[in-house]
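One structure is given here, and the rest of the page talks about it.
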């Protein structure tokens, strides 16, 4: 029922791709985006992995090579997020409480940004990343989760809601549903 109270515009991402590696960062830069807020768990690494691999390090380096500022914005606790972020040389916000605006505001303040600045959010969940980012006015790219089997119980509950939201998008905005290939998602 909760999904019925959500504004449709707040749960439809601007784009959908399978993984963070499928995003054209050169195209993102051309749109005027200057900063990337990126989720950690199941967006960059699975829940059961804590150390970045060489692919992740190269990805972050590639994003930054386009002059894009990157910060991790995660709902996970400080130690996990801090350790990963330090290993890849990124700033971070942990315990962000997405979809609330608390973590986003902290990230904006830390980077000297304002709500209207060109910010892209990349994440794997409609109910946290897309909802929070769209409510804040960001461009949002939804990616598939890396590993559903390692998710926590509360994330699994969000996934159930997410399926209902995707059905609602199909019913109320079929054009976006098709354009974003949400029929391929999970």
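The values are calculated or read from the model by the stated rules, or taken from the named source; none is laboratory data. Note that the structure is predicted; figures quoted are calculated from it, not measured. Positions of Cβ are generated from backbone atoms using ideal geometry, with glycine treated the same way; all protein chains shown enter the neighbour counts.
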| Has the range 112-124 got any residue that is crowded, with 22+ Cβ neighbours inside 10 Å and in a helix (DSSP H, G or I)? | no
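Okay, residues lined up against (1) touching a helix residue (DSSP H, G or I) at 6+ places or on another chain (Cβ under 6 Å); (2) at pLDDT 95 or above; (3) more than 23 Å from residue 56 (Cα to Cα); (4) buried (at least 17 other Cβ atoms within 10 Å of the Cβ):
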| site | (1), (2), (3), (4) |
| --- | --- |
| 72 | yes, yes, no, yes |
| 102 | no, yes, yes, no |
| 129 | no, yes, no, yes |
| 146 | no, no, no, yes |
| 152 | no, no, no, no |
| 157 | no, no, yes, no |
| 161 | yes, no, yes, yes |
| message | For the range 19-59, give me the residue count where each residue is surrounded by fewer than 18 Cβ atoms within 10 Å (Cβ to Cβ), at pLDDT below 95 and touching a helix residue (DSSP H, G or I) at 6+ places or on another chain (Cβ under 8 Å). | response | 4
| query | Say we look at the range 6-18 and pick out the residues that are part of a loop (DSSP other than H, G, I, E, B) and in contact (Cβ under 8 Å) with a residue 12 or more places away in the chain; which of these is surrounded by the fewest Cβ atoms within 10 Å (Cβ to Cβ)? | reply | 18
| said: Any residue in the range 171-186 that is surrounded by 12 or more Cβ atoms within 10 Å (Cβ to Cβ) sitting within a Cβ distance under 7 Å of a residue that is modelled with pLDDT under 75 and outside any loop (DSSP other than H, G, I, E, B)? List the pairs, counting only those 6 or more apart or interchain. | reply: 177/183
